[in-house]
Each structure stands twice: as structure tokens, then as C-alpha cells.
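One structure is given here, and the rest of the page talks about it.
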Amino acid sequence: MAEETPEEVKPESAEETNAEAEMPESESAEPVVADELPVELEKDAAPVAESPATDVAEEESEGAVAGLTLGSGTVNEEEEKPAPVIRGRIDKFGVAMGTGRRKTSVARVRVKEGSGEWVINGRSIEDYFTTERDRLAVQAPLKAVERDGKVDIWVRVHGGGTTGQAGAIILGIARALQVLEPELHHSLSEGGYLTRDGRMVERKKYGYKKARKSFQFSKR
């Protein structure tokens with residue numbers, strides 16, 4: 001077999017050699033690709049603006065999280081509390097007046113600063129309420145706010161019996177104290193003295209002896 005002879009390398013002409021030498025570096029160098037930019041140039045580039053849809057979604061998510069955590073705080077606790085309802089008034093002489101009701105009894109009470117004097121329908125408390133239970137009941141609101149013996153009380157009550165009248169006086173005293181000193185509202189409210197007891201006697205029914213009690217049944 002005949003041996004293959006390597007191709008002869010033609011020598012470059014002098015003109016081609018001189019042309020390559022005279023070519024500037026910028027033209028001879030390969031074009032710069034955008035992905036291969038240096039890190040410094042990437043930093044100087046203008047930031048890409050986020051789409052408005054992304055901003056809206058982020059705001060909604062933040063608002064939802066804030067809404068979940070609003071209830072655990074104590075920012076609006078004072079605003080949520082309703083103002084106490086004051087059912088009384090003070091006359092031109094500085095005497096606090098309150099009206100109380102219980103069953104069919106109505107009591108009109110006047111309270112002013114004094115030495116602890118009681119007047120109920122023109123009589124003393126011991127003379128009007130003969131049982132100790134009723135006397136302690138009407139004095140309970142004063143003892144709850146530590147005003148027993150520091151105010152004078154005048155009461156005019158009518159209707160019902162002693163129990164109903166005692167309950168009406170309690171509510172009247174509590175309302176008068178509330179309007180006289182509003183800061184006592186919470187103490188009186190916690191003790192239940194400002195709550196109107198709406199229980200009444202059930203009416204009698206036809207064919208019955210009382211509201212529910214019937215006559216004795218006779219088979220024969």
C-alpha cells in the first residue's frame with residue numbers, strides 16, 4: 001500500500017499576516033453574550049418592577065393576617081364597653097332621686113349626704129320593717145358601696161306587701177346612689193342591685209282555684 005503523505009501546509013501570505021496584526025482587538029474578539037456579563041454590570045442594571053397583581057395579593061394576605069390577630073389585642077377593649085345607663089336624676093338642691101319597682105310595689109327614693117337617717121312613709125326603718133330580713137335587705141346596697149351611715153334616705157312606697165316593697169326600695173336606693181356617684185356603678189351592678197326583678201304573680205285561670213291549683217276532683 002502506498003503511504004499517505006500529510007497535506008502540505010501552505011504558508012500564509014505576508015498580506016494576510018499584516019491584516020490580522022492591524023485588526024483592532026474589539027473586532028477580533030468574540031461578541032460578548034448577555035448571560036456572561038460581569039456581576040458589577042448586573043447590579044447596576046435597573047430593578048425589574050413587580051407586577052401590580054403580586055402587590056395586591058401580598059396586601060390582601062397581610063390584611064388577612066392582621067384581621068386574625070386584631071381580636072387578641074387590647075386596643076379597642078375600652079371602646080367596646082357600652083356606657084352605663086343612669087336611671088335617676090339630681091334636683092336643684094343636690095338630692096339624688098331614684099325609682100324602684102318590684103312586683104306591684106313602687107318606691108320613690110331620695111338620697112343625700114347625712115348621718116344615716118331613714119324615713120319610710122313617715123316612719124323609721126325599725127318601725128316600718130319589723131322583720132330583720134327586710135331591714136338587712138334594704139341596707140344591702142349601702143353596705144356594698146360603704147355608704148351606710150353616711151347618707152340620709154327618704155322613701156315613699158306603696159303597693160304590694162313587705163317583700164315587694166323591700167325589693168322596690170333596694171332598686172330605688174341603688175339608682176339614686178348611681179346618679180349621685182357614677183363611680184359606684186360597677187360595685188352596684190356586680191351585686192345585682194341595679195337589675196329590675198321582673199317576676200310577677202301569675203294570673204288566676206278560669207276553673208282553677210289559683211293560677212295552677214285546681215279544686216278537688218270528685219269522681220262521684
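Points to keep in mind about this one:
- Candidates Thr162, Thr99, Thr131 - the one that is touching a residue at least 12 places away in the same chain (Cβ under 8 Å), out of contact with any Ser or Thr (no Cβ under 8 Å at 6 or more places or on another chain) and among the hydroxyl-bearing types (Ser, Thr, Tyr): Thr99
- The range 193-208 residues that are over 14 Å from Gly164 (Cα atoms), paired with ones that are exposed (fewer than 11 other Cβ atoms within 10 Å of the Cβ) (beta carbon under 7 Å, 6 or more apart): Glu202/Ala211; Arg203/Ala211; Lys204/Ala211; Lys205/Ala211; Tyr208/Ser214
- Residues that are under 13 Å from Ala176 (Cα atoms), surrounded by fewer than 16 Cβ atoms within 10 Å (Cβ to Cβ), charged (D, E, K, R) and in contact with a helix residue (DSSP H, G or I) (Cβ under 8 Å, 6 or more places away or on another chain) within the range 88-143 comprise just one, Arg89.
- Residues in the range 87-103 that are in contact with a strand residue (DSSP E or B) (Cβ under 9 Å, 6 or more places away or on another chain) and in a loop (DSSP other than H, G, I, E, B): Arg87, Gly88, Asp91, Phe93, Gly94, Val95.
- Residue check, Ile125 over 40 Å from the mean Cα position of the chain (by Cα) and within 23 Å of Arg89 (Cα to Cα): no
- If you go through the range 137-187 and keep only what is of a type in the set (Lys, Arg) and not in a helix (DSSP H, G or I), you end up with Arg147, Lys150, Arg156.
Rule-based calculations on the coordinates, nothing more; no lab input. What you see is a predicted model; the values in this text were computed from it and never measured. Note: ideal-geometry Cβ built from the backbone for every residue, glycine included; neighbour counts use all protein chains shown.
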